[in-house]
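Structure first, then comments.
Bear in mind that the values in this text are calculations on the coordinates, not laboratory data. What you are looking at is a predicted structure, and each value in this text was computed from that prediction instead of being measured. Note that we place each Cβ from the backbone using ideal geometry, even for glycine, and neighbour counts take in every protein chain shown.
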Amino acid sequence: MEVNPLIIFIAAIFTSNILLTNFLGMCSFLSVSREVESSIGLGLAVFFVLTFTTAINYVIYHFILVPLQLVYLQYIIFIIIIAAFVQLIEMIIERFSPVLYYTLGIFLPLITVNCAILGVSLFMVIREYTFIQSVLFGAGSGLGWLLAILALAGIRQKIKYKFVPAGLQGAGLSLIITGIMALGFIGFSGIVIIQ
Amino acid sequence: MIILIVNTVLIVSGITGFLALLLVIADLLFANYGECTISINGKKELKVKGGSSLLSLLNENKIFLASACGGRGTCGFCKCEVISGAGPLLPTEKPFLNAADIAAGIRLSCQIKVKEDIAIKIPESIFNIRKFTAEVTDIVDLTYDIKEFTLKIIKPEVINFKAGQYVQLQTPPYEKSRQSVNRAYSISSSSSREDQIQLIIRYVPDGVCTTYLFQYLKQGAQINFTGPFGDFYIRDTDNDMLFVAGGSGKAPIKSMLEYLSENNSTRRMVYMFGARSRKDLYYTELFEKLEKELPDFTYVPVLSQPTEECEWQGKCGYVPPFFPEYIRDPQKTEAYLCGSPGMIAAVIKGLKELGVPEDKIYYDSFA
């Protein structure tokens, strides 16, 4: 696919935001967006894991699975790689950066089951990205996810002190806010087309 | 086709095997904290293998901090003062610590992991805390919902405690609960008996521990407990003493009064016991006997809802309005309270209004 990798990066953050256009990673998006502080922690962890797992999965896919005609194994292999990578990162961070560990620590295990991570690896295959494109797509998607959860957390923190009708409290209002945010982001999707 | 299957098996097992190996190596390299030292009160030093929680490492070394939830960070009992080496405060600890605790370096020992040498400060009395195995030698009905359990200590042979302290009974997993649970109960027997303890326990409908104790535990069975815990014990002064209890809260007060009687205390004592009706009263004869033995002791039961069949001649209503009648000099009165959190809050309010200093009010509050 002949698109400048930087365009993919920018598009992945804004116009084709993995969360707001593809609705991937909703579960932790809704549950950890109560406070700005923790949402930044989770967002950073997602960004970090996304960037690296996309790169590793690219190498595994193109240099092992394709030559051996085992492409159908991609789902299971990608998930295993993501899970192992998260475990490894958790151990390394716990050892070398206690401060970062305590910011990200409790969120890291949540990421293993964040479908945005698997989604990005699968899009990378479907859209036939090159290595550079894939890595920037992963990093951009991670930043986009961080941006989206940060925006929702900011709004929810404000709403906490406002009157909300009983029927809309909790997930109801969060989903409506997400929908309106998605409209805002998708509004510009015609500018660049990466999917 | 066969090649495809072989390839699949090889690749999947190869990749997972490689990742597993990587994780094992990482575990050895990164998660190995080597030997760490826990320094306690600057006197005692423990050599431990790093990586586990402070609470579990102390338990392994037979130092038992109070813990009712088994280290899951939900009860907040296992607080201890950490001087150095615990790392930054964790989000899981914050709900249990107030600003003063944080400033004093108080941490939840079940949440912090020992990764380097650590220095902590715990009360000396904690060294006295052990795990005991006991035999249930007697179960007596005191009222319709309160029983007294007598536990004879089997291992280690004796228990040293201060009258007023409590132990944590450990119920094994049984039909109603798959997990072993710990619940705190005050010792009701005098601290001069070192070979046995008695507990006064009120039945809590559907309570995991009391259901076990009331319906499953039989005479002759064995049960484990840890203890003694708590700083609810008699302060050695000449002040007047006011005891206030409700429900099964008689236990620690009975222990204290028996201890005072055995040691021929001459202090002025008043014991006010709040109950609903006559059928909630128990041990009345014992306290009347103590009134004769102790030179200056008055037992005042107060009923809040006496029925006609009670034929009650004594005091009615709640306890606090009767305080002025029995408190001689509020400044020189020590108050010992035991009962539900609601009752304790009401009693503290009443005492403070009369001028009893807050630092002379001692209590155990079991929710």
**Q.** Kyte-Doolittle mean at least 0.0, axial Cα span of 18 Å or more - DSSP H helices of chain A
**A.** A:36-60, A:74-96, A:131-159, A:171-186
Q: Add +1 for every Lys or Arg and -1 for every Asp or Glu among the other residues with Cβ under 10 Å from the Cβ of B:K49, and state the total.
A: -1
Q) Taking B:K94 as the anchor, which aspartates and glutamates have their alpha carbon closer than 19 Å to its alpha carbon, excluding any fewer than eight residues away along the same chain? A) A:E35, A:E37, B:E81
**Q.** Eligible aspartates and glutamates near B:K43 by straight Cα distance, threshold 12 Å, same-chain separation 8 or greater
**A.** B:E124
Q: Mind jotting down the three principal axis lengths of the stretch B:130-229 based on Cα atoms? Whole angstrom, largest first.
A: 34, 28, 24
Q | Amide H within-cut-off set for B:A335, under 5 Å, with H built and near neighbours excluded | A | B:L242, B:I361, B:Y362
Q: Would you mind ranking B:K250, B:K147, B:K332 by Cβ crowding within 10 Å, fewest neighbours first?
A: B:K332, B:K147, B:K250
Q | Taking A:F137, A:F78, A:F23, A:F85 and counting other C-beta atoms within 10 Å, the order from fewest to most | A | A:F23, A:F85, A:F78, A:F137
**Q.** DSSP-assigned coil residues among chymotrypsin sites (Phe, Trp or Tyr not before Pro) in the stretch B:197-264, each with at most 13 further Cβ atoms within 10 Å
**A.** none
Q.
List the residues, sorted by chain then number, that are 5 or more residues from B:N239 or on another chain and whose placed amide H is less than 5 Å from its amide H.
A. none
Q: Give a residue-ordered list of calculated ³J(HN,Hα) values for the stretch B:92-107 (Karplus: 6.51 cos²θ - 1.76 cosθ + 1.60, θ = phi - 60°; whole Hz; x for Gly, Pro).
A: 6, 8, 3, x, 9, 10, 9, 4, 5, 4, 4, 5, 7, x, 6, 9
Q: Return the lysines within reach of B:K332: Cα separation strictly under 20 angstrom, same-chain partners fewer than 8 residues apart disregarded; answer none if there are no such residues.
A: B:K349, B:K352, B:K360
Q) ³J(HN,Hα) across the stretch B:327-334 via Karplus (A = 6.51, B = -1.76, C = 1.60, θ = phi - 60°), whole Hz, x for Gly/Pro? A) 8, 7, 9, x, 5, 10, 10, 9
Q: Please list, in chain and number order, the residues 5+ apart from A:G25 or on another chain whose amide H is under 5 Å from its amide H, with Hs placed from the backbone.
A: A:C115, A:A116
Q. Lysine pairs, Cα distance under 15 Å, 8 or more residues apart or cross-chain: how many in the stretch B:130-229?
A. 4
Q.
In whole Hz and in residue order, list the ³J(HN,Hα) couplings for the stretch A:17-29 that follow from phi through the Karplus curve 6.51 cos²θ - 1.76 cosθ + 1.60, θ = phi - 60°; x for Gly and Pro.
A. 3, 4, 7, 7, 9, 9, 6, 9, x, 5, 5, 6, 4
Q. In Å, what Rg and Dmax follow from the Cα atoms of the stretch A:5-186?
A. 17.0, 59
Q. Just for the Cα atoms in chain B, what are the lengths along the principal axes, largest first, rounded to whole Å?
A. 96, 45, 38
**Q.** Local net charge near B:Y212, Cβ-Cβ under 10 Å (Lys/Arg +1, Asp/Glu -1)
**A.** +1
**Q.** Contact order relative to length of chain B, as percent, for alpha carbon pairs under 8 angstrom and 6 or more apart
**A.** 12 percent
Q | Whole-number percent relative contact order across the stretch B:130-229, with pairs defined as alpha carbons under 8 Å at least 6 apart | A | 38 percent
Q. What's the angle, to the nearest 10 degrees (0 to 90), between helix B:2-30's Cα axis and the longest principal axis of chain B?
A. 50 degrees
**Q.** Degrees, to the nearest 10: B:250-262 long Cα axis against longest axis of chain B
**A.** 60 degrees
Q. Cα convex hull of the stretch B:1-134: mean projected area in nm², to one decimal?
A. 12.7 nm²
Q.
Placing unit charges on C-beta atoms (Lys and Arg positive, Asp and Glu negative, everything else neutral), compute the dipole magnitude of the stretch B:88-210 about its Cα centre in debye, rounded to 20.
A. 360 debye
Q | 222 nm mean residue ellipticity, helices alone, for the protein assembly as shown (DSSP H n ≥ 4; -39,500 (n - 2.57); rounded to 500) | A | -12500 deg cm²/dmol
Q) Tell me, how many Å apart are the Cα centres for the stretch B:118-182 and for the stretch A:26-71? A) 50 Å
Q: Could you pull out the GluC sites (Glu not before Pro) across the stretch B:298-367 that fall in loop regions by DSSP (anything but H, G, I, E, B) with no more than 13 other Cβ atoms inside 10 Å?
A: B:E311
Q) Once you wrap a convex hull around the alpha carbon atoms of the stretch B:214-367, what is its projected area averaged over all directions, in nm²? A) 10.9 nm²
Q: Rounded to the nearest 10 degrees, what's the angle between the helix B:341-354 long axis and the longest principal axis of chain B, both from Cα atoms, 0 to 90?
A: 50 degrees
Q: Among B:K254, B:K79, B:K47, rank each residue by its count of other Cβ atoms within 10 Å, from fewest to most, as a rough exposure measure.
A: B:K47, B:K79, B:K254
Q: Sort out for me the Cα centre separation of the stretch B:64-83 from the stretch B:294-319, rounded to whole Å.
A: 39 Å
